[in-house]
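Trainee: Input: one structure, supplied below.
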Amino acid sequence: MVKKKAKKQSKRKKAQKEPNIRTDVWQLAMTQEQRRLALLTVAEYRFFLKPLVLISYWNWGNFSGLNSSDRVNTLEKLIHKTANNPNPKYYWYFHKALSNHPSFRKFPSYLRRAAIQDALGIVSSFVSRWDAWRKGERRHRYHRPPKLTSMCNSYPVMYKGQQIKYHSNFNTVELKIWNGVDWVWMQGVSIKKHGKSRHTREGTRLLSPSLIANKRSIHLSMPVEVNPQPLPDSDYVCAIDIGINTTATCSIVGKDGTVKARKFIDPARDIDRRDQRKQRIATKSKLTRKIINQNLPKGFCQGLYRKSKNINKHIAQTVSRQIVEFAQEHHVSVIVFEDLSNWKAKGGKHGSLQKQRFHQWCKDKLVELTIQKFSELGGKVNKVNAKYTSAYAFDGSGKIKRSNKKYSQAVFQDGKRYNADLSASYNIGARYWYAVLTNSKFTRVWEGRSMPSNEVKGSSQTLRTPVTLSTLWGLSKA
């Protein structure tokens, strides 16, 4: 009976969809005095959090078998004094700390529970990492064990109605803060920006934000639960070919093989900035090895690597946004990529700029960001097999040859010249529609076409031809 109940619960959990949560940054316009009080509130919250982390760790053996709500209640009974709980085990510490931190006396109940949940999460993460390290799950053999950090750089969660109040279409808010004497409401805090304004969309729900206050900025980290409605079905899809020279080549492909729009997305300026830094790294690496005649020291060109990585992230964000905008412009509900998850670079010498460009190719990050952004709007993203999408012409004429002068230019069997990436994007869209129309898998590469018996050479009577755009033309005529 117990096993049957566990199976039913696991099925229910799988059936329940995970919430689609996105985070907006709400910039707050504060005076100098308001900024000081916000920083003071965050500091007091961290002072209150520190002993909770230690108490949670000391009593983790009692918490490990409990669910999340019971853990919070159990830890609260260890520190908080009430009529039904007159002698908490660790109340003495908080009573003793009142001389240095008078904010503990009237610490808001909701903020106290937020700190308890934060402390339990910190300890749970540490225990999991420690168990993994003890079992030998390490990056390298000299990997040091994890450490429990009691003074964490966490930020307080602001619960609606208790610590934060919204006014006039979310243009102003009130925050409950510590002013050095008492917990009071800071009124009339204007909001300069709402991030991407996800809260204005239909079907969204605001969750409890965190007050991020540091020397750089003060803002609200606002999580928004997004429940998008699926986009209406369309007879077209947006097919994307991801490349090294041209970051993304897009085309709108119909189920009958019609192509009604094309677009090349290539942030050349950002790519040049990234490649310049990679070239500087290669030059410095070569010169340094000649001087020291040994392996490069740890942290070599750390700043250049960091800048190059950040530029790459910016490229992925920019290109994924333009892909989603192109799909929205043509009212498609599906974006199709080629599956490059197991692709490995074969060309380029070790240490060369070409090898570094392959290493810095943000293909996986680009697909990941596109999925996040398009699913938020109710769209779908599919992947098809990438085999032979660039090697065969979209018109069914056979294998293509690359131009010696311009590698991005393809030469068809009949002598026609065409953009190789554009031809590949047509084939990617065709493979999606072929799988849908023939009710086959998206990993399928070959189309099945019977041959007359007098033309058969060998035992097979099936002509193996990769699925291209011309395949859809044949299906539409049939």
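Trainee: Pairs needed: first member in the range 298-323, at negative phi and open to solvent by 90 Å² or more (accessible area, probe 1.4 Å); second member anywhere, outside any helix (DSSP H, G or I) and at pLDDT below 90; C-beta distance under 6 Å; at least 6 residues apart or different chains.
Mentor: none
Trainee: Within the range 151-160, is even one residue open to solvent by less than 60 Å² (accessible area, probe 1.4 Å) and without any contact (Cβ under 8 Å) to a residue 60 or more places away in the chain?
Mentor: yes
Trainee: Moving on to the next point. Could we say that Pro228 is touching a strand residue (DSSP E or B) at 6+ places or on another chain (Cβ under 8 Å) and either part of a loop (DSSP other than H, G, I, E, B) or modelled with pLDDT of 90 or more (or both) here?
Mentor: Details: touching a strand residue (DSSP E or B) at 6+ places or on another chain (Cβ under 8 Å): yes; either part of a loop (DSSP other than H, G, I, E, B) or modelled with pLDDT of 90 or more (or both): yes.
Yes: the conditions hold for Pro228.
Trainee: What residue, of Arg129, Arg138, Arg144, is loosely packed, with under 11 Cβ neighbours inside 10 Å, on the phi < 0 side of the Ramachandran plot, at pLDDT below 95 and not acidic (Asp, Glu)?
Mentor: Just one listed residue meets the conditions, Arg144.
Trainee: Also, quick follow-up: Out of all the residues in the range 37-49, is one or more open to solvent by 80 Å² or more (accessible area, probe 1.4 Å) and in contact (Cβ under 8 Å) with a residue 60 or more places away in the chain?
Mentor: no
Trainee: Now for a different question. Which condition number does Arg71 fail, the rest of (1) assigned to a helix (DSSP H, G or I); (2) open to solvent by 50 Å² or more (accessible area, probe 1.4 Å) being met?
Mentor: Condition not satisfied by Arg71: (2).
Trainee: Of all residues in the range 211-225, how many are in contact with a helix residue (DSSP H, G or I) (Cβ under 9 Å, 6 or more places away or on another chain) and not in a loop (DSSP other than H, G, I, E, B)? Full working, then the answer.
Mentor: Taking the range 211-225 and keeping what is in contact with a helix residue (DSSP H, G or I) (Cβ under 9 Å, 6 or more places away or on another chain), we get 211-215, 218, 222, 224.
Checking which are not in a loop (DSSP other than H, G, I, E, B) leaves us with 211-213, 218, 222, 224.
Counting residues in the range 211-225 that are in contact with a helix residue (DSSP H, G or I) (Cβ under 9 Å, 6 or more places away or on another chain) and not in a loop (DSSP other than H, G, I, E, B) gives 6.
Trainee: Thr246 passes all but one of (1) of a type in the set (S, T, N, Q); (2) outside any loop (DSSP other than H, G, I, E, B); (3) open to solvent by less than 30 Å² (accessible area, probe 1.4 Å); which number fails?
Mentor: Among (1) of a type in the set (S, T, N, Q); (2) outside any loop (DSSP other than H, G, I, E, B); (3) open to solvent by less than 30 Å² (accessible area, probe 1.4 Å), Thr246 violates only (2).
Trainee: I'd like the full set of residues that are aliphatic (A, V, I, L, M) and more than 26 Å from the chain's Cα centre (by Cα), limited to the range 221-262. Give the derivation first.
Mentor: So in the range 221-262, the residues aliphatic (A, V, I, L, M) come out as 222, 224, 226, 231, 237, 239-240, 242, 244, 248, 252-253, 259, 261.
Answer for the range 221-262, where residues must be aliphatic (A, V, I, L, M) and more than 26 Å from the chain's Cα centre (by Cα): Val253, Val259, Ala261.
Trainee: For the condition modelled with pLDDT of 90 or more, over 15 Å from Leu472 (Cβ atoms) and of a type outside the set (D, E, K, R), what is the one hit in Ala430, Ala435, Ala391?
Mentor: Ala391
Trainee: Can you pull out the residues in the range 296-306 that are touching a helix residue (DSSP H, G or I) at 6+ places or on another chain (Cβ under 8 Å) and either modelled with pLDDT of 90 or more or not aliphatic (A, V, I, L, M) (or both)?
Mentor: So the first thing to find is which residues in the range 296-306 are touching a helix residue (DSSP H, G or I) at 6+ places or on another chain (Cβ under 8 Å), and the list is 296, 300-301, 304-305.
Selection gives Phe300, Cys301, Leu304, Tyr305.
Every residue, every condition in (1) modelled with pLDDT of 90 or more; (2) within 23 Å of Val467 (Cα to Cα); (3) open to solvent by 40 Å² or more (accessible area, probe 1.4 Å), yes or no:
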site	(1), (2), (3)
Phe326	yes, no, no
Val334	yes, yes, no
Lys346	no, no, yes
Asp364	yes, no, yes
Lys380	yes, yes, yes
Ser408	no, yes, no
Leu422	yes, yes, no
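Trainee: Report, by residue number, each residue of the range 182-206 that is without any contact (Cβ under 8 Å) to a residue 40 or more places away in the chain, open to solvent by 80 Å² or more (accessible area, probe 1.4 Å) and either in contact with a Phe, Trp or Tyr (Cβ under 6 Å, 6 or more places away or on another chain) or not in a strand (DSSP E or B) (or both).
Mentor: Initially, the range 182-206 is screened for residues without any contact (Cβ under 8 Å) to a residue 40 or more places away in the chain, giving 184-185, 187-188, 200-205.
Now drop any that are not open to solvent by 80 Å² or more (accessible area, probe 1.4 Å), which leaves 187, 200-202, 205.
Passing the criteria: Thr200, Arg201, Glu202.
The values are calculated or read from the model by the stated rules, or taken from the named source; none is laboratory data. Values in this document were obtained by computation on a predicted structure and should not be read as measured data. Note that we place each Cβ from the backbone using ideal geometry, even for glycine, and neighbour counts take in every protein chain shown. Please note that ligands, DNA and RNA were not included when accessible areas were found on the heavy atoms of the full protein model with its side chains. Shrake-Rupley method; radii C 1.70, N 1.55, O 1.52, S 1.80 Å.
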